[in-house]
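Student: Here it is, the structure, as structure tokens.
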Amino acid sequence: MLYHATYLTYYQSIREKGLVSGCRKSWSTSKDGVVYLAPTPELACSFAETAEDVPDETYASGIICLGIPYPSLNEALLQDDENFRDGGCFTYAGRIPPEDLFIMAPSVWGGEKVLGKVSDCEIATETAFF
């Protein structure tokens, strides 16, 4: 599983469209046309927590971590993230549909606990906030 952390204010759009490559940037060094993915929920959330180009009201909405099963990704669209020198982070040059996205529980570091599929959850509950 790979992970993408984002802000709760974007949840309804993600629920409808999935993760769309290049839709929003959180860093000045972010590339156009890609979704950024991390190998752990902790790392994904740390990127969202320290993002430099996110409005205060967006940041204040809360952070939610989404899990993406590796087999649901098209390997040809997955590349190493050149901004992350230590390896293990990726860019994905495609759309990840809502049915392939899972809401991850914030209190289970070191394990994977899925709260539900994004496509099945109209709203994310407070138990999903980081």
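Student: Determine whether Leu66 is over 21 Å from Arg15 (Cβ atoms) and either modelled with pLDDT of 90 or more or in a helix (DSSP H, G or I) (or both).
Tutor: no
Student: Now a separate question. Looking at the range 45-60 only, could you name the residues that are under 16 Å from the mean Cα position of the chain (by Cα), at pLDDT 80 or above and in a helix (DSSP H, G or I)?
Tutor: Cys45, Ser46, Phe47, Ala48, Glu49
Student: Is it true that Gly88 is exposed (fewer than 15 other Cβ atoms within 10 Å of the Cβ), at pLDDT below 75 and not in a helix (DSSP H, G or I)?
Tutor: no
The values are calculated or read from the model by the stated rules, or taken from the named source; none is laboratory data. It should be emphasised that the depicted structure is a prediction, and the values quoted were computed from it without experimental measurement. Here Cβ is always computed from backbone atoms with ideal geometry, including for glycine, and neighbour counts include all displayed protein chains.
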